[in-house]
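As structure tokens, the structure follows; a few thoughts come after it.
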Amino acid sequence: MKAKVAIVILNWNGIDFLKKFLPGVVVNSQLPNVEVWVADNGSTDESLSYVKNELPEVKIFENDKNEGFAGGYNTALKNIKAELYVLLNSDVEVTQGWLQPMIELFDNNDKVAAAQPKILSESNKSSFEYAGAAGGYLDKYGYPFCRGRIFDELENDHAQYDNDIDVFWATGACLFIRSNVWHEMDGLDHDFFAHMEEIDLCWRIQRAGHQIKCCPKSSVYHVGGGTLSKTNPRKTYLNFRNNLFMLLKNLPPEKVLFIMVIRWFLDGIAWLMYLITFKFSHVFAVSKAHIHFIRDYSKFNAKRKQLKQLGYPKLKTIFRQSILMQFFAKGKKKFSDLKWIPNSQV
């Protein structure tokens with residue numbers, strides 16, 4: 001029988017996180033017809049032995065190689081049957097009662113295709129966490145930000161974002177998604193490997209006419225940077241490269257050239273800032289990202305053509321201004337400072 005919910009934790013040599021957080025996931029997810037899975041991405045540590053010996057109630061899917069975040073989940077979820085998938089990072093601490101409000105959100109609104117709980121910091125539990133906070137958005141030039149986090153500026157959670165509104169993207173750290181929508185969208189783009197693939201997926205989901213939500217009645221705590229820290233040049237490379245891929249795939253025809261040119265200019269400024277601050281590994285990472293974008297342009301332009309059938313609706317969850325300008329020039333460090341109501345014409 002198909003499960004109601006399958007909580008799927010992608011693991012690659014993450015035994016320490018599994019030991020710390022997986023028992024809590026099991027204890028706090030004991031609802032009828034809910035399964036907990038570890039999808040292993042070709043680990044060479046003792047991860048699988050630990051799960052099999054200490055938590056035999058957890059189901060295991062074994063991949064024979066590391067396919068990254070996107071490829072690992074795509075492979076695993078082809079083999080897992082449930083109405084609702086939960087893509088849960090191994091470095092997430094779930095809370096008592098975290099699951100029920102999320103399930104109710106989907107049961108009560110069939111337009112919602114994907115959602116996330118509030119993402120708070122595991123090390124400072126009164127603060128939002130970088131990867132998702134209270135739901136993500138995109139500005140006119142493709143820069144992501146969140147309710148509770150703009151660039152590296154994190155807010156404390158005072159229930160200021162506990163209202164129910166649409167968001168543009170839900171974090172891959174704890175992503176709830178209807179399985180039929182997941183398969184309809186062909187899951188994550190495996191060519192992203194890791195980073196921004198969930199934003200690309202959420203963009204495609206909205207183009208298909210579905211909604212994305214943040215459910216403030218549920219919260220989890222995220223360590224963050226468990227695989228790649230924010231200072232790792234590999235992360236810089238993936239973020240710059242994948243952002244360009246995402247824009248090429250999803251921007252409407254009348255905007256794609258203009259915005260791509262603007263982004264190359266802005267990325268050039270970032271490159272220069274890394275250079276003058278002697279962060280040469282990041283200079284190389286940005287350069288490599290743009291070189292690989294040019295190299296793979298034809299592949300992603302073909303994907304753009306395949307997605308043309310979804311159309312290019314004007315999404316009200318896109319911030320029609322520059323978040324760079326708002327943050328750096330106007331000093332608006334908090335989401336509430338933007339005076340913007342998502343899903344409106346403002």
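Across the stretch 262-280, the number of residues qualifying as surrounded by fewer than 14 Cβ atoms within 10 Å (Cβ to Cβ) and farther than 16 Å from Phe245 by Cβ comes to 10.
Filtering the stretch 93-136 to residues that are part of a strand (DSSP E or B) and in contact with an Asp or Glu (Cβ under 8 Å, 6 or more places away or on another chain) leaves Glu93, Lys118, Ile119, Leu120, Ser121, Ser127, Phe128.
Scan the stretch 6-29 for residues that are under 19 Å from Gly172 (Cβ atoms), in contact (Cβ under 8 Å) with a residue 40 or more places away in the chain and not hydrophobic (A, V, I, L, M, F, W, C) and report the count. Of the residues in the stretch 6-29, 3 are under 19 Å from Gly172 (Cβ atoms), in contact (Cβ under 8 Å) with a residue 40 or more places away in the chain and not hydrophobic (A, V, I, L, M, F, W, C). Looking at this structure, is Pro342 outside the structural domain of Asp189 (by TED's automatic domain parsing) and over 29 Å from Gly148 (Cβ atoms)? When the stated conditions are applied, Pro342 does not pass them.
Each row is one residue, and each column tells you yes or no for (1) under 26 Å from Pro313 (Cα atoms); (2) at pLDDT 95 or above; (3) in a helix (DSSP H, G or I); (4) in contact with a helix residue (DSSP H, G or I) (Cβ under 6 Å, 6 or more places away or on another chain).
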site: Val220; (1), (2), (3), (4): no, yes, no, no
site: Gly225; (1), (2), (3), (4): no, no, no, no
site: Thr236; (1), (2), (3), (4): no, yes, yes, yes
site: Asn239; (1), (2), (3), (4): yes, yes, yes, no
site: Phe245; (1), (2), (3), (4): yes, yes, yes, yes
site: Lys249; (1), (2), (3), (4): yes, yes, yes, yes
site: Gly268; (1), (2), (3), (4): no, yes, yes, no
site: Tyr274; (1), (2), (3), (4): no, yes, yes, yes
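Quick check on my filter: what residues within the stretch 43-69 are in a helix (DSSP H, G or I), small (Gly, Ala, Ser) and either at positive phi or surrounded by fewer than 21 Cβ atoms within 10 Å (Cβ to Cβ) (or both)? If the condition is that a residue be in a helix (DSSP H, G or I), small (Gly, Ala, Ser) and either at positive phi or surrounded by fewer than 21 Cβ atoms within 10 Å (Cβ to Cβ) (or both), then Ser49, Gly68 are the ones that fit. Within the stretch 137-180, the residues that satisfy the criterion of being at pLDDT 95 or above, surrounded by fewer than 19 Cβ atoms within 10 Å (Cβ to Cβ) and polar (S, T, N, Q) are Asn156, Gln160, Ser179, Asn180.
When restricted to residues that are buried (at least 22 other Cβ atoms within 10 Å of the Cβ) and charged (D, E, K, R), the stretch 197-243 contains 5. Tell me, yes or no, whether the stretch 70-90 has at least one residue that is under 22 Å from Val223 (Cα atoms) and either outside the structural domain of Met196 (by TED's automatic domain parsing) or surrounded by fewer than 16 Cβ atoms within 10 Å (Cβ to Cβ) (or both). So far as the stretch 70-90 goes, no, none of its residues is under 22 Å from Val223 (Cα atoms) and either outside the structural domain of Met196 (by TED's automatic domain parsing) or surrounded by fewer than 16 Cβ atoms within 10 Å (Cβ to Cβ) (or both).
Among the residues of the stretch 315-326, not a single one is outside any helix (DSSP H, G or I), surrounded by fewer than 16 Cβ atoms within 10 Å (Cβ to Cβ), free of Cβ contacts under 8 Å to residues at least 40 places away in the same chain and basic (Lys, Arg).
The values are calculated or read from the model by the stated rules, or taken from the named source; none is laboratory data. Keep in mind that this is a model prediction, so the values were computed, not measured. Quick reminder, even Gly has a Cβ in these numbers, built from the backbone with ideal geometry, and neighbours come from all protein chains shown.
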